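K.L.:
My structure is below; once you've seen it, I'll send some questions.
The values are calculated or read from the model by the stated rules, or taken from the named source; none is laboratory data. Everything numeric in this text was worked out from a predicted model, so none of it was measured. Cβ sites come from the backbone with ideal geometry, for glycine too, and all protein chains shown count toward neighbours. When the accessible area is computed, the model is the full protein with side chains, heavy atoms only, and any ligands, DNA or RNA have been set aside. Shrake-Rupley method; radii C 1.70, N 1.55, O 1.52, S 1.80 Å.
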Amino acid sequence: MTTSLIVTGRPRRRAASPLTTRPDRFFLWACLAPALLAVIALQLYPLLNASVLSFREWSLTESTDPGGFVGWANYAQVLSDPVFWGAARTSLVITVCGVALQLLLGTGLAALLRKGRALHRTARAVLMLPMVIAPVAAANIWRLMFNSRSGSVNTTLSAIGITGPEWLADPFWSVVAIIIVDTWQWTPFVMLVISSAMLSIPQELVEAASVDGAGRWRTFRSVELPMLTGAFALVVTFRALDSLLQLDTVYTLTQGGPGYSSYTLTYYLYALGLRNFEISASAAGSWLFMIIVTVIIVMMFRLDKASREATS
């Protein structure tokens with residue numbers, strides 16, 4: 001076939017599309033239009049509605065209907081609230097520490113359990129269990145374990161001579177408790193993604209490095225790790241987004257306490273809108289939160305693009 005193509009010099013014709021005529025394309029868009037309009041309406045209407053509310057005065061404790069326009073007053077109210085900035089700082093700490101731990105532990109477990117032996121497969125299946133538990137149920141389990149008097153965590157620590165802290169009653173340790181629960185539940189996801197990425201690495205490169213005298217660690221660091229950059233970027237993006245948006249774990253485990261010490265941005269918005277009934281201020285905070293998350297995601301994509309260009 002190749003010879004005949006070279007001799008004749010005729011390019012192979014592409015298969016004709018079944019929708020080449022104008023009536024066919026019109027029929028296609030007519031079929032897609034209702035679904036597209038529904039998706040656009042469902043995506044845009046809540047955002048536009050929240051945007052309008054953020055410029056109006058509306059507190060459910062004063063009125064059941066939105067009041068007049070107040071300009072940027074709701075945004076100024078949120079930005080001048082020290083609880084908002086404390087919640088932003090706590091969200092950043094939980095996200096950075098949690099994602100870093102999950103990346104470290106997940107990559108280590110993926111490297112240790114990459115072989116297909118029965119013991120490794122069983123260990124992977126057991127390690128996946130936390131990921132299938134609902135976050136509310138997982139936080140309830142850990143809430144009992146973090147009990148300073150009867151919880152298993154402090155009981156275990158006292159058995160080895162360590163006095164456990166007041167996990168949920170101390171401003172510092174309550175944030176640490178949230179990071180521990182988040183890491184325990186979502187490290188298996190990181191392990192799953194990195195394991196799949198490791199399987200796609202050509203074994204010829206690993207064997208060539210071994211033949212050249214590279215040890216296991218050096219082979220992993222110099223050959224395999226650079227080829228996992230795309231998987232790392234995917235994991236960091238997904239986990240950072242999920243960590244920033246988490247509400248159920250904070251609500252169940254600490255309810256933002258003690259005081260405002262474990263308030264995250266999502267819990268702050270929940271408390272502002274559904275506890276204090278400040279609907280307009282909550283809408284303004286939601287837009288600020290969306291802008292912050294968008295900036296973080298854009299920065300991540302740019303860092304990922306820069307790292308890909310550096311390694312290529």
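K.L.:
Could you work out how far apart the two model spin labels at R117 and A30 are, taking each label as a point 7 Å from the Cα in the direction of the beta carbon, and quote it in nm?
P.N.:
Taking the two extended label points, one gets 6.5 nm.
K.L.:
Once you have the Cα-Cα distance between T64 and F172, take 0.36 nm times their residue separation minus that, and quote the gain in nm to one decimal.
P.N.:
On the way: separation 108, 0.36 × 108 = 38.88 nm, distance 3.89 nm.
Between T64 and F172, full extension yields an extra 35.0 nm.
K.L.:
Another one. Just the Kirkwood number for the chain, please: inverse of mean 1/r across all distinct Cα pairs, in Å, one decimal. Can you show the working numbers first?
P.N.:
Numbers: mean 1/r = 0.0417 Å⁻¹.
After inverting the mean inverse Cα-Cα distance, the result is 24.0 Å.
K.L.:
If each of V83 and M299 carries a label point 7 Å out from its Cα toward its Cβ, how far apart are those two points in nm?
P.N.:
Each label point lies 7 Å from its Cα, and together they span 2.6 nm.
K.L.:
Compute the length gained on full extension between I141 and V52: take 0.36 nm times their separation in residues and subtract their Cα-Cα distance, giving the result in nm to one decimal. Don't jump to the answer; show the numbers that get you there.
P.N.:
Working: separation 89, 0.36 × 89 = 32.04 nm, distance 4.07 nm.
My answer for the length gained is 28.0 nm.
K.L.:
While we're looking at this one, here's another question. From the backbone phi of region 166-177, what are the Karplus-calculated ³J(HN,Hα) couplings (6.51 cos²θ - 1.76 cosθ + 1.60, θ = phi - 60°) in whole Hz, Gly and Pro given as x?
P.N.:
7, 4, 9, 10, 10, x, 6, 6, 5, 5, 4, 4
K.L.:
In whole Hz and in residue order, list the ³J(HN,Hα) couplings for region 269-275 that follow from phi through the Karplus curve 6.51 cos²θ - 1.76 cosθ + 1.60, θ = phi - 60°; x for Gly and Pro.
P.N.:
Per-residue couplings from phi come out as 5, 4, 5, 5, x, 10, 10 Hz.
K.L.:
How high is the relative contact order of region 188-310, in percent, with contacts defined as C-alpha pairs under 8 Å that are six or more residues apart? Walk me through the numbers before you get to the answer.
P.N.:
Details: 64 pairs, mean separation 25.8, N = 123.
Rounded, it is 21 percent for region 188-310.
K.L.:
Which net charge results when you count Lys and Arg as +1 and Asp and Glu as -1 among the other residues whose beta-carbon is under 12 Å from that of T219? Don't jump to the answer; show the numbers that get you there.
P.N.:
On the way: positive: R216, R218, R221; negative: E207, D212, E224.
Counting the neighbours of T219, the net charge comes to 0.
K.L.:
Could you tell me what percent of the accessible area of the chain is made up of carbon and sulfur, with a 1.4 Å probe and every protein chain present?
P.N.:
On the way: 13070 of 19210 Å².
C and S fraction of accessible area: 68 percent.
K.L.:
Sort 247-260, 128-141, 184-197 by the packing proxy (mean of other Cβ within 10 Å over each peptide's residues), most packed first. Display every interim value, and only then the final one.
P.N.:
Working: 247-260: 18.8, 128-141: 14.9, 184-197: 20.8.
Output ranking for 247-260, 128-141, 184-197: 184-197, 247-260, 128-141.
K.L.:
Explain nothing, just the number: relative contact order of the chain, from Cα pairs under 8 Å at least 6 residues apart, as a whole percent. It would help to have the intermediate numbers written out before the result.
P.N.:
Values: 308 pairs, mean separation 83.1, N = 312.
Over the chain, the number comes to 27 percent.
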